[in-house]
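*Asks:* Got a structure for you, questions after.
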Amino acid sequence: MLGCGAGFASDRLDAAVALVERVRLDWLILECLGERTLAFAHRDRRADPNRGFDPLLERRMRALLPLCAARGVRFLSNMGAANPRAAAQATVRIARELGLLGLRVAVLLGDEVTEALAPDTPLWEGGRLADRGPPLAANAYLGCAELLAALATGAEVVLTGRVADPSLFLAPMIARFGWRLDDWDRLAAGTLIGHLLECGMQVTGGYFADPGKKEVPDLARCGFPYAEVAPDGTAVITKTPGSGGRVDARTVKEQLFYEVHDPARYVTPDVVADFTRVQITEIGPDRVQISGARGYPRPPQLKVTIGFDGGYLAEAEISYAGPNAAARARLARAILSERMRAVHGYEGPLRIDLIGLRALHATALPEPEEGEDVRLRAALRAPEREWGELLAWEVEALLTCGPAGGGGFRSRIVPQVTTASASLPRERVRSEVVVFAA
């Protein structure tokens, strides 16, 4: 029994607690590492060598470690992010404070591959590495071949950095059932299960919900998913008993195609999976059986995510309300654009949205003629913080420089990262497992 206790870095904690309390799991798996999340983690580690792992790690460990220890549930997560070793050391400290003496934490290292990339490494987005400037870091997507060594230690907790999302779920299946690493159909079946579980509540109705069109009951208490996996790779996808949400053929189908560009060739470090013949069958309330994935040999190269310094993102906002608010907001937008471009000479990217006047569809639909509650939002990205400070100054100046009735000013300037992707021959990646004990 494999349960998902997080589908992204800021996922809910109470639902993970309920899953462990109500289901006899073998593994609780938390997938918390997006590409930009990892890049930000590298930025944090540069500022402080003791940081760089998931900032919610301590809260999650304090809530979940005692439950997992009492129930014999092993814990696997990529919350190590850019600093898995520090994440393990923090977990050991927490375990000692909780009285969980003897608890072991295995750490998978080796995904950080910055030194293995040459300046002329081609990027998937076009161009070469040197064109983007020095990287913050580069991380290869490790898979089960590397992760199994960490599981084999028997450690109650396994922490990683960048591992392919479905591999976090597939590795425990391989270890439990003894699947060969070249049994492509079994690996594809396990990858399918992992892909359905990895995003948490997306498969139990969260991302599926659309009132009046796709109803989901008790969404405020939506449950996390888990899978009952058979040795042949068939599985039943379900959710925490007594929780909100739903699991049916439609929620499973939506998640099946999430971020899958080619269902006939879903490429992972472990296998190239073919989902085109997958069978999805409702066998009971909130119970969906899946089978039929086929697999082909794994790719010779691993995907690498590269993070770069993205300069600063500045945002500033001001509101206009009451009669003629839309016209006043449009005037404010024209003034701000002229001040930034013509007066100050800013030539970089600048976006000015009138929220409340179809701002999210500005390129597709015309703005409505009127609106009595409009918020102007201006944003830019620049290498220098000074441009952001200037934008905030100009928006705040609208309070008295006109048009009339502006209020509710606020602004923020935050460091940013950008990412790109590349490929690296898998033989150039060297992984290592280190075990810590409480």
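What follows draws every value from the coordinates through simple rules; no lab data is involved. Because the structure is predicted, anything quoted here is derived from the model rather than measured. As a convention, Cβ positions derive from the backbone with ideal geometry for all residues, glycine included, and neighbour counts pool all protein chains shown.
*Asks:* What is the distance in Å between the Cα centroid of region 171-200 and that of region 280-313?
*Replies:* 11
*Asks:* Treating region 78-141 as a set of equal point scatterers at the Cα positions, no solvent, please give the Debye-formula log₁₀ I(q)/I(0) at q = 0.16, 0.29 Å⁻¹.
*Replies:* Calculated log10 I(q)/I(0) at the listed q: -0.64, -1.20.
*Asks:* Pick from Pro231, Pro403, Pro66 the residue whose mean-square fluctuation is largest in a GNM of the chain, springs joining Cα atoms under 10 Å.
*Replies:* The residue with the greatest mean-square fluctuation here is Pro403.
*Asks:* Give me the extension gain from Glu396 to Ser421: residue separation times 0.36 nm, minus the current Cα-Cα distance, reported in nm with one decimal. Write out the running numbers ahead of the final one.
*Replies:* Numbers: separation 25, 0.36 × 25 = 9.00 nm, distance 3.85 nm.
Full extension of this stretch gives 5.1 nm more.
*Asks:* Name the longest site-free stretch of the chain, where the excluded sites are trypsin sites (Lys or Arg not before Pro) in a DSSP loop with no more than 12 other beta-carbon atoms within 10 Å.
*Replies:* Working: sites that count: Arg24, Arg180, Lys213, Arg277, Arg430.
In the chain, the maximal stretch lacking such sites is 25-179.
*Asks:* For Ser10 and Asn324, calculate 0.36 nm times their separation in residues minus their Cα-Cα distance, and state this gained length in nm to one decimal.
*Replies:* Roughly 109.1 nm would be gained on extension.
*Asks:* Defining a contact as two alpha carbons under 8 Å apart and six or more residues distant in sequence, what relative contact order in percent does region 264-357 show? Don't skip to the end; give the middle numbers.
*Replies:* On the way: 78 pairs, mean separation 17.1, N = 94.
That works out to 18 percent.
*Asks:* Starting from the Cα gyration tensor of region 36-170, multiply each eigenvalue by 5, take the square root, and state the resulting semi-axes largest first in whole Å.
*Replies:* Sorted largest first and rounded, they come to 31, 16, 11 Å.
*Asks:* With charges set only on the Cβ (+1 for Lys and Arg, -1 for Asp and Glu), what does the dipole of region 306-419 come to about its Cα centre, in debye to the nearest 20? Numbers along the way, then the final one.
*Replies:* Details: 13 positive and 16 negative charges, 11 e Å.
Its charge dipole is roughly 60 debye.
*Asks:* Kindly write out, for region 191-197 in residue order, the coupling ³J(HN,Hα) from the Karplus curve 6.51 cos²θ - 1.76 cosθ + 1.60 (θ = phi - 60°), rounded to whole Hz, with x marking Gly and Pro.
*Replies:* Taking θ as phi minus 60°, the curve returns 5, 4, 4, x, 5, 6, 8 Hz for region 191-197.
*Asks:* Filter the GluC sites (Glu not before Pro) in region 170-254 down to the DSSP loop ones having no more than 16 other Cβ atoms within 10 Å, then list what survives. Intermediate results must be reported in sequence, preceding the final value.
*Replies:* Numbers: sites: Glu198, Glu215, Glu228, Glu254; in loops: Glu198, Glu215.
Sparse-neighbourhood loop GluC sites (Glu not before Pro): Glu215.
*Asks:* Okay, next question. Can you compute the FRET efficiency between Arg412 and Arg85 using 1/(1 + (r/R0)^6), with r the Cβ-Cβ distance and R0 = 51 Å? Round to the nearest 0.05.
*Replies:* Working: r = 32 Å, r/R0 = 0.63.
So the FRET efficiency works out to roughly 0.95.
*Asks:* Once fully extended, how much extra length lies between Arg22 and Ala379, figured as 0.36 nm per residue of separation less the alpha-carbon to alpha-carbon distance? Provide the component values of the computation, followed by the final result.
*Replies:* Numbers: separation 357, 0.36 × 357 = 128.52 nm, distance 4.55 nm.
So the chain would gain 124.0 nm between Arg22 and Ala379.
*Asks:* While we're looking at this one, here's another question. Say each of Asp210 and Arg71 gets a label point 7 Å from the Cα, pointing the same way as Cα to Cβ; how far apart are those two points in nm?
*Replies:* 3.4
*Asks:* Using +1 at the C-beta of Lys and Arg and -1 at the C-beta of Asp and Glu, which of Phe275, Met61, Ala321 has the Cα lying farthest in the positive direction of the dipole of the chain?
*Replies:* Farthest towards the positive end: Met61.
*Asks:* Let me ask you something else. Using only C-alpha atoms and all pairs of different ones, pull out the Kirkwood radius for region 1-54 in Å with one decimal. Please report the intermediate quantities before stating the final value.
*Replies:* Details: mean 1/r = 0.0803 Å⁻¹.
With all distinct Cα pairs of region 1-54 included, I get 12.4 Å.
*Asks:* Turning to a different aspect of this structure: Here are some pairs, Lys239/Lys303; Lys213/Lys253; Lys213/Lys239; which of them have Cα atoms lying more than 27 Å apart in this structure? Show your work: numbers first, answer last.
*Replies:* Working: Lys239/Lys303 31 Å; Lys213/Lys253 16 Å; Lys213/Lys239 22 Å.
Table pairs above 27 Å Cα-Cα are Lys239/Lys303.
*Asks:* Over all alpha-carbon pairs in region 160-224, figure out the percentage whose distance exceeds 17 Å.
*Replies:* Above the 17 Å cut-off, region 160-224 has 52 percent of its Cα pairs.
*Asks:* I'd like the GluC sites (Glu not before Pro) in region 365-438 restricted to DSSP loop residues with at most 15 other Cβ atoms within 10 Å, sorted by number. Kindly include the intermediate steps, with their values, before the conclusion.
*Replies:* Working: sites: Glu369, Glu370, Glu372, Glu384, Glu386, Glu389, Glu394, Glu396, Glu427, Glu432; in loops: Glu369, Glu370, Glu372, Glu384.
Sparse-neighbourhood loop GluC sites (Glu not before Pro): Glu369, Glu370, Glu372, Glu384.
*Asks:* If you find the alpha carbon centre of region 84-135 and of region 368-438, how far apart are they in angstrom?
*Replies:* The two parts, judged by their Cα centres, are 25 Å apart.
*Asks:* How long are the three semi-axes of the equivalent ellipsoid of region 306-419, in whole Å, if each is the root of 5 times an eigenvalue of the C-alpha gyration tensor, listed from largest down?
*Replies:* On the way: eigenvalues 127, 53, 28 Å².
Taking √(5λ) for each eigenvalue gives 25, 16, 12 Å, largest first.
*Asks:* To the nearest whole percent, what portion of all C-alpha pairs in the chain is separated by more than 32 angstrom?
*Replies:* Values: 45199 of 95703 pairs.
In whole percent, the long-distance tail amounts to 47.
*Asks:* In the chain, if the dipole is taken from +1 on Lys/Arg beta carbons and -1 on Asp/Glu beta carbons about the Cα centre, which of Gly307, Phe177, Ala130 is farthest to the positive end?
*Replies:* So the residue we want is Phe177.
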